[in-house]
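Comments concern the structure below.
Derivation of every value follows stated rules applied to the coordinates shown; laboratory data play no part. Bear in mind the structure is a predicted one, so any value in this text is a computation, not a measurement. Please note: Cβ atoms are built from the backbone with ideal geometry, for glycine as well, and neighbour counts cover all protein chains shown.
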Amino acid sequence: MPRQRIAWFVWTFLLVASLAAVRALNQTAVASLPDDEGVSDLRFGFQLAESAKRRGVDFVHQVPSFDSKLEHIMPQVASTGAAVAVADFDKDGWQDFYVTNSGEGSLNRLYRNKGDGTFADVAQSVGLADVNRRDTGVSMGAVWGDYDNDGFDDLFLFRYGQPQLFHNEGGKRFVAAGTGLPRWVNANAATWLDYDRDGRLDLFLAGYWPDDVDLWNLKTTRIMPESFEYANNGGRKYLLRNRGDGAFEDVTAAMGITSRRWTLAVTAVDLQGTGYPGLFLANDYGVSEMFSNRDGRRFEDVAMETGVGRAPKSGMNAALGDIFNDGRLSIYKTNISEPGQLVQGNDLWVPKAAGAGLPAFENLATTLGVDLGGWSWGAQFGDLNNDGAQDIYLVNGYISAGERSSYWYDFSVIAVGHSSIIGDAANWPAMKGRSLSGYQRKRVWINDGFGNFTDVAQAVGATDTNDGRAVALADLRNTGALDVIVANQRGPLLIYENRVAPERHWIQFELEGTKSNRSAIGARVELHWNGHVQAQQVTAASGFSAQNQRWLHYGLGSSRTVDRVVIRWPSGAAQTIASPSVDIRHHVKEPDGR
Amino acid sequence: MAGDASARHGSGGQALPSAEPVPARRGGLFAIDNRFLPPILITSILVGANLSFGILEGWERTALSIVVAIGTELVLGRITYGKWPHPASAYISGISAGILIRSPFLWPYFFTSFISILSKYVLRVKGRHIWNPTNFGVSAMVLLAPATVTVLSIQWGNAVAPMAVIWLLGAVIVWRVGRAHISVTYVAAFFLFSFVRSALTGIPWLATVAPITGPMYQLFIFFMITDPKTTVRSKTWQCVVVVIVAFVEMLMRLAELVYAPFYALFVVGSIAMVIEITRQPRSTQGHPQAN
């Protein structure tokens, strides 16, 4: 039967070729630049150098120790808390930053920028250090915002415990403030937003563990998520309206937010350009949520409708960036990817064509090469090399313990179980000192301007393999370059000083609201230059447990001029500034204010 | 029903799907051709689960798997044997691949189906293919592309009811086609060996059995290990083979291989087939259709 024999040979060739192609495609997907490429020649337009200790920052994050019933999986339960939030708290023109610690009795740090390249920890002297106690809970993160519009950024601290607002007294000290806050929230995310556009910043606080769970004193071990994909037994959410008299009013239910998902990150985003900020929630153990703000009167979950809430994953980050320089803000959400175990891929939600009504989003992470980031945590958009395109800095790594051990098999076994099994911590296999996606290399994806990203982390000096959680971008040295601050779980705080090619230009904007909230949170700024337009939004929380500087930074590449900048203030006012000078920071005050 | 099959295969139970049409029963809920029961079941599961819980990230991936599987089967079958093969088993291969494979990329969905169907036409002994096509395809993909391809690991939702319905439906279907003894034997062996694993490792027993509560195992138990074309013919030996599969799976799980059931079937199933085939006279060649 010659025909069948010939056919067999052809099919065999195809089979072998297919198997080879699969292998090759797999290798291509994970390829990155060699480690020794362009180490010191600014080949990619910038170079990072870790410099924390040299700058006076010597901080190592500590973790809490919860109920002994969780001892066998404690590293997983106590896997968050390293956070960083940037603000110029004393208004001296230099960016400072606040760092959280999570061990009982450990101290948080407020690193004041001395203006000479070094920092001093002033947390103790201003009253922001000793905030981690068993009876009030341990820190998970913080977010700056001027809630009383007095010109000084106040600090909202969220914990597995009692959330706390601190009023900034002229940059000299902080005092406990705010009434109406919930008594106890096991929270991993919070942000400021002016949801009703009354000129005062409101608070959104997202619980992770259920509120009635005291992690130090468990009544039951049935506290785990009920599912790896459909968990709805997490912490509740709180939308707290700022009444203007120091009190906050819980309007969550009235505004239609009933989520009980396990939220790890949140960012405010104006979905439809109405000026009313909505909320994007990156949730663990389930789908993302996107709440559209209906004119400040109600929130509606439109995640399914917009496309971002269809596939359940392990969301840990929410950051906004204009990756195509066309005025559209995309949302980057991180998930878990581990070769041979779980490949969720990170999500880059890009809105489809602009128009009236709710945008539909499509996930372009795989297409653009920013999907595989290991066990990804915090990520931020920022123009790291000032070439005019927003890049992505991503940190990752879950639990780095025994270097030659892995908990992945046991984790994969329990994770696929039914809720009756997975929901009880007692059923979870003991970790016994094993790692779970530890010692991971970071990602620094540079954008070529057309949305194609290339990972250059090793080449530019982002070489640490700590368990990264929060990353924040800030121009710490006032040089027109975005430095990178990384908070690592059970690890050192890192400051990557960014040296950018000197021939590249930049421009920054520091906004001050008058009719709008003074922090200008929610303001949208479009920069028009050389045929490009890049949109950025002033946000409070961004990434995971992080807050970038509020100065909006734009790289300009070789362009020495800017056509115009168009600002849409949260109040609805629009402002256009023609031909602003480059290579400086512009302080812009909202016109026709108080 | 058992008598219909015995003359052709020498074993109890109806062989399905197959190239030869099998008369449908008259009347009642199952008054349809047996070949269509598994495709109907698996399609219903997929549609219901995705509408309820969104288990697929998008329909296009599963659609790609199905189209590639059927298309490959039609082309290969037509060229090799000069006639159009029945697409039912290719459909099951495709939809199984589309459900089981997880990847942020599109190409794994193409290649899993393509490789699965190709394996039926290439890897044959005395005219019979020795690997369940989906098992071969999935195993190949996770071995060759671990950084980009994994296997379904999610649940059907939180409630017990959907899981119970699927188990019930699946049990009825395999009973209907005379393969229930294989599924039951495997499940019993799995639970037995899970006790052994728990005792040896100290892992809570509920954790060791957790995987069987997920849809991946349901597909494995109802569609993969019962495949008529790639299981031995004797009913007794069918049971023996799946016990060995469960035992080898236990060993692989002790070695912390996440895809242990697929690898175990890959190894044990093929060896069993080769032994049987080489000990029997050469069978007449037909369409290599099976899921």
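What the table shows:
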read-out: Average beta-carbon neighbours from other chains, 10 Å sphere, peptide B:136-149; value: 5
read-out: Backbone N within the range A:114-147 under 17 Å of label point (7 Å from A:A49 Cα along the Cβ vector); value: A:116-119
read-out: Ratio of the Cα radius of gyration of the range A:343-463 to 2.2 N^0.38 Å, where N counts its residues; value: 1.35
read-out: Globularity index of the range A:89-158, i.e. its alpha-carbon radius of gyration over 2.2 N^0.38 Å; value: 1.15
read-out: Theoretical FRET efficiency, 1/(1+(r/R0)^6), r = Cβ-Cβ of B:W84 and A:E300, R0 41 Å, to 0.05; value: 0.20
read-out: For the range B:117-128, Karplus couplings with θ = phi - 60° (6.51, -1.76, 1.60), whole Hz, Gly/Pro x; value: 5, 4, 4, 5, 8, 9, 8, 10, 10, 6, x, 10
read-out: Cα-Cα P(r), the range B:86-179, percent of pairs per 5 Å interval; value: 2, 12, 18, 18, 18, 16, 10, 3, 1, 0
read-out: Which listed pairs, of A:K352/A:K515; A:K237/A:K333; A:K313/A:K352; B:K83/B:K126, have C-alpha distances above 24 Å, in listed order; value: A:K352/A:K515
read-out: Inter-label distance, nm, simple model (7 Å from Cα along the C-beta direction), A:F9/A:A574; value: 7.1
read-out: Descending principal axes extents, the range A:126-206, alpha-carbon based, whole Å; value: 36, 29, 18
read-out: In the range A:385-484, trypsin sites (Lys or Arg not before Pro) in a DSSP loop with at most 12 other beta-carbon atoms within 10 Å; value: A:K432
read-out: Computed lengthening from A:L42 to A:D150, 0.36 nm per intervening residue step minus Cα-Cα distance; value: 34.6 nm
read-out: Hydrodynamic radius by Kirkwood, which averages 1/r over all alpha carbon pairs of the protein assembly as shown, in angstrom; value: 28.8
read-out: Principal axis dimensions, largest first and in whole angstrom, of the range A:1-150 by Cα; value: 90, 52, 33
read-out: FRET efficiency, B:F195 to B:T43 (Cβ-Cβ, R0 56 Å, nearest 0.05); value: 0.95
read-out: Charge tally in the Cβ shell below 12 Å around B:S194, where Lys, Arg are +1 and Asp, Glu are -1, B:S194 excluded; value: +1
read-out: Ranked list, fewest to most other Cβ atoms within 10 Å of each Cβ, for A:V444, B:V267, A:V302; value: B:V267, A:V302, A:V444
read-out: Percent RCO, i.e. relative contact order, over the range A:341-390, from Cα pairs under 8 Å lying at least 6 residues apart; value: 31
read-out: Positive minus negative residues near A:K352 (Lys, Arg vs Asp, Glu; Cβ under 10 Å); value: 0
read-out: Fraction of beta bridges assigned by DSSP in the protein assembly as shown that are antiparallel (%, nearest 5); value: 90
read-out: For the range B:159-235 and the range A:480-521, distance of Cα centres in Å; value: 55
read-out: B:V267-A:L218 pseudo-label distance in nm [points 7 Å out on the Cα-to-Cβ vector]; value: 3.5
read-out: Helix-only mean residue ellipticity at 222 nm for chain A, each DSSP H run of n ≥ 4 adding -39500 (n - 2.57), per residue, nearest 500; value: -2500 deg cm²/dmol
read-out: FRET efficiency for A:R133 and A:E169, using Cβ-Cβ distance with R0 set to 35 Å, rounded to 0.05; value: 0.95
read-out: Set of lysines with alpha-carbon distance to A:K53 below 21 Å, sequence-local pairs under 8 removed; value: A:K114, A:K442
read-out: Shielding of B:71-79 by partner chains, average beta-carbon count, 10 Å; value: 1
read-out: Cα Rg, Dmax (largest Cα-Cα span) when computed across the range A:412-520, Å; value: 20.7, 61
